[in-house]
Structure formats: C-alpha cells, structure tokens
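Everything on this sheet refers to the single structure shown next.
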Amino acid sequence: MHKLLIWRSLKLRLFVTIFIAGIIPAVVLGNAMINNYEERAVKIRTSDVENQLIIISKHLMQVDYFLDTSSEAVNAELDLISNLYDGRVVVIDNALRAIKDTYGIAEGKTFVSEEVIRCLKGENIDNYDELNGYIEIAVPIEEEGVLLTSVSTDNIKSTKDALGQQYLVLTVIAFIILMAIAFYVSRMLVKPFDVVSAELRELGNVERYEPISVPHYVETEHLAVGFNSLINRMSTIDASRQEFVSNVSHELKTPITSMKILADSLISNPDTPVELYREFMEDIASEIEREDRIINDLLTLVKLDKNMASLNLSSIDINNLTEIILKRLRPIARKNDVELVLVSQREVVAMVDEVKLTLAITNLIENAIKYNKPQGTVTVTVDADHQYFTVTVEDTGIGIPEDDLDEIYERFYRVDKSHSRAIGGTGLGLSIAKNSVSLHKGTISVESTVGVGSKFTIRIPL
C-alpha cells in the first residue's frame, strides 16, 4: 500500500517522465550513431578496395597476367593490397581456377561459388560478414576472370568498441545529469501545488477564512478559485444552517412557552372559572397542534434532503391527481370562505413521484387558501406542451411585496409575521414545495401584486 501511495505522487511521476523522456532519446541516438559509424566505415572500406581492385584488374590485362603470373609489379600490388587491408587476394580465371593467392594456399585449385560465377557475368559483388569480421569483394577482369578479395574489419570493430566505451561513459554522465534535472524540474513544477496544500493547512489554524491565491499556473489559479468558491458556499451553508437551527429553536420554543404560561396561570389560580379554564385549555390544544405541524413539516424537509436522488417515478394522471388534492382541501377552503376552481387545459400524463408532487401542489394550494380574502378564489390550472407540464395556483389574496419574493422559499421565512402567526403557518410550506419540485428537475416561479393576489407556477419535465 505504501508503494502505491508513493507512485501516486505527482512529483515522482513528473520525475520519471522527465527522466525517461531525456534518457531514451539519448540511448537511441547513441546506438544509432555507433551503428551508423560501422555501416559508413564498411561502405567506405568496400568502395576503397573496389577502386584498388579495378585499377589492379586493368594492370592484370595489360601484362597478360592470365598467361604469365610472374609479373613482379602486379604481384607486388596484390601483396600490398593484402597487407594494407589485412586480407587475402585471389586471382581466378574464367575456368574457375585460382592462378594467384596471396596466402599461397589455393593456387591451382578450383573456386566454385555463386559470387564468382555472378562476377564472371560482369557483376561487382560485395558482402559484409559481421559475425566473422570481414568484407568479401569480387571484381570482374573483363571476360578473363575474377579478382576475389577478403578484407578484415578488425580495425573498424576496434574503433566501434572504443566509441561504445566512450558512449557508455557519456551515458552514465547523462544519466546523472538527467536525474538531477528531472529532480529539480519536477520539484519546481509541483511547488505551486505544495503552496496550495500549505494554504489549505493554514485554514485549520485561523478563525476567519481568507481567500487563497496561487497564480503560478492557470491550473493552480483555477484550483484556488474553485476552492474559494467552495469555501464561500460552505460559509453560506453554515450561516444558513445556524440561522435554520436558530429559527427551529425559536419556532419550537414559542408554542411551549405559550403553553407554560397558560398552564402556570391555571395552576396559580385554582379557582379559575370554568369558561376561562376551558378557553386556556383550548389555547393549549391549539399550541400543541401548532407544535405538531412544525415537527411534521420539519420531518418532511429532512426526508426530502436525505432522499435528494430518490424518486419513486410512475406514470401519473396529473389532472386526476390535482382533482383529488382539491377535493381534500375543499373543506378548509369552505371554512375560509374561498372557492377552489380546477381548469384542465388538456389531459396530462407524466412520470413523477406522486407523493412528492402532491406535497408541492398541496402546500401551494393551502397557502393560497390561508392568505386569501373572504369570498376569494383559488384557480388551479393544469397545462402542458411537448416537453413540460405546468400546474399554476393563482389566488385573489393579500399578495407578496416585491422585495420579499426572493426570500419566500427560505425556511421559516414569513412576509408578515404577525399575520402569518394568526393564520397558523409554519413558514416551511414553500420550502417543501420547492424541494419537491427540484427533485423532479423542475422549477417553481411566482408573480405577485400586493392587494391583488399571487400566482405560483410549477414547471416539470414530462
């Protein structure tokens, strides 16, 4: 496991990459140069010997060597070539018989080989035997015979070995230099990320967050910007959480405080009239009911937050679902002297989570009833296009001030706290509605005019 962690190091990977990128071309280039030297040296040696043999072949014809091999000048030239290139020269006539051998071991013998026969037909032949270390060259002597030569390549091999040793020394030096360069460059390249790590570690030792700035690279700058954005978001969430906890504490404590005051009043006055006693108990029951509503709404929000990715989708008739919700809420509407109207522009069937969508629509209609005027109307309209369906809840109520429209989905937010308290809302209904709609990848929008009414529109993909 420790080895795996080491290999995950960016610094190590950069070091290895830079080192390999440097050492591989050096090794390949060095080997190519040495091999190129050998190939070029063999070609030059072959060319030189061929030129010498062509000159000698002309001399052979001039002195009629194939008739008389006693020419001292020609024999001296043949011996000189043999000694100069540390090789052997054999003169072969067109009957494939060796008439001269500088080694003196094949004279009078027959030479039968593919190279000699091809050479008698007019071809110049050369072969390099790398394993045995010699070059074999055959030059035709007009139509009289062949001049066959074997030339040693020991000096070429010696030079190649010397170059190889020098190359090995240079490779070791390059290896050490590349290691140093790779270490330095990888360390410098990773240094900005170390700065980022140090900045992040410092955050744990400070009470107040300061944005980090690492402008060394575009990547580290983007990393810093992204982290700063994340921290700001987390700070906002933390502030919202603290405010939420504070609001929850306040909302839960208020009914309990009211009940305690009422109970203490009854306890301290044992002779409380029955009418007043009954009134106080009704108030206590009302506060208990209010506390229960707050707790249930909070539990609903918690469930929505925990199941953000969990939707139990099924094909639902939205018109029928809305009609069932209105039927359930009509007693509350009658009690508040409000008329509920359903308008179905077209039949809508969509893949939704029935429970969560019901929560959203129910909360919007309940709010429209609660914050309406006597003899008011709540109109619920179901419509759709080829991509989305909409449920619009429009009331003739008290309306929402424009300054408050951006805040109404916040938990426990109330536009008119005194009026909301009298109505009995928890301040969580719109937050529940928005969460439910967001789970469906939908949107919820509002248009409102104070004293005229509000219009909430749910828009969800089909």
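The values are calculated or read from the model by the stated rules, or taken from the named source; none is laboratory data. A quick note: this is a predicted structure, and the numbers were derived from the prediction, not measured. Ideal geometry is used to build each Cβ from the backbone, glycine not excepted, and the neighbour counts take in all protein chains shown. Only protein heavy atoms, including side chains, enter the accessible area calculation; ligands, DNA and RNA are left aside. Shrake-Rupley method; radii C 1.70, N 1.55, O 1.52, S 1.80 Å.
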Cβ-Cβ under 6 Å, sequence separation 6+ or interchain: first residue in region 336-352 and over 13 Å from ASP395 (Cα atoms), partner among the aromatic types (Phe, Trp, Tyr). Which pairs?
VAL348/PHE389; ALA350/PHE389
Report the residue count in region 131-144 for those that are open to solvent by 70 Å² or more (accessible area, probe 1.4 Å) and either closer than 17 Å to GLU50 by Cα or part of a helix (DSSP H, G or I) (or both).
2
Where TYR128 falls short, out of the listed (1) touching a helix residue (DSSP H, G or I) at 6+ places or on another chain (Cβ under 8 Å); (2) open to solvent by less than 80 Å² (accessible area, probe 1.4 Å); (3) under 30 Å from MET33 (Cα atoms)
(2)
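Can you confirm whether TYR413 is aromatic (Phe, Trp, Tyr), surrounded by fewer than 20 Cβ atoms within 10 Å (Cβ to Cβ), at negative phi and at pLDDT below 85?
Yes, satisfied.
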Options ILE398, ILE365: the member that is over 43 Å from the mean Cα position of the chain (by Cα), part of a loop (DSSP other than H, G, I, E, B) and of a type in the set (Val, Ile, Thr):
ILE398
Only one of ILE408, ILE423 is among the aliphatic types (A, V, I, L, M), at pLDDT below 75 and surrounded by 20 or more Cβ atoms within 10 Å (Cβ to Cβ); which?
ILE408
Between residues in region 166-181 that are over 11 Å from GLY30 (Cβ atoms) and touching a residue at least 24 places away in the same chain (Cβ under 8 Å) and residues that are aromatic (Phe, Trp, Tyr) and assigned to a helix (DSSP H, G or I), which pairs lie under 7 Å by C-beta distance while being six or more apart or on different chains?
LEU178/PHE19; MET179/PHE19
Please give the number of the condition ASN31 fails out of (1) under 58 Å from the mean Cα position of the chain (by Cα); (2) at pLDDT below 85; (3) open to solvent by less than 50 Å² (accessible area, probe 1.4 Å).
(3)
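Residue-wise test of (1) more than 20 Å from ILE55 (Cα to Cα); (2) assigned to a loop (DSSP other than H, G, I, E, B); (3) open to solvent by 80 Å² or more (accessible area, probe 1.4 Å).
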residue	(1), (2), (3)
ASN75	no, no, no
TYR103	yes, yes, yes
CYS119	no, no, no
GLY122	no, yes, no
VAL146	no, no, no
VAL151	no, no, no
LYS160	yes, no, no
GLN166	yes, no, yes
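Working only within region 78-96, note down all residues that are in a helix (DSSP H, G or I), touching a residue at least 12 places away in the same chain (Cβ under 8 Å) and in contact with a helix residue (DSSP H, G or I) (Cβ under 9 Å, 6 or more places away or on another chain). Even if it seems obvious, please write down each step before you answer.
In the first step, residues of region 78-96 are kept if they are in a helix (DSSP H, G or I); the result is 78-84.
Now drop any that are not touching a residue at least 12 places away in the same chain (Cβ under 8 Å), which leaves 78-79, 81-82.
Selection gives LEU78, ILE81.
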Going through region 103-143 in order, the residues found to be among the charged types (D, E, K, R), over 29 Å from LYS157 (Cβ atoms) and in contact (Cβ under 8 Å) with a residue 40 or more places away in the chain are GLU142, GLU143
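Evaluate the following for VAL42: is it hydrophobic (A, V, I, L, M, F, W, C), outside any helix (DSSP H, G or I), under 30 Å from VAL116 (Cβ atoms) and touching a residue at least 60 places away in the same chain (Cβ under 8 Å)?
Details: hydrophobic (A, V, I, L, M, F, W, C): yes; outside any helix (DSSP H, G or I): no; under 30 Å from VAL116 (Cβ atoms): yes; touching a residue at least 60 places away in the same chain (Cβ under 8 Å): yes.
Answer is no for this residue.
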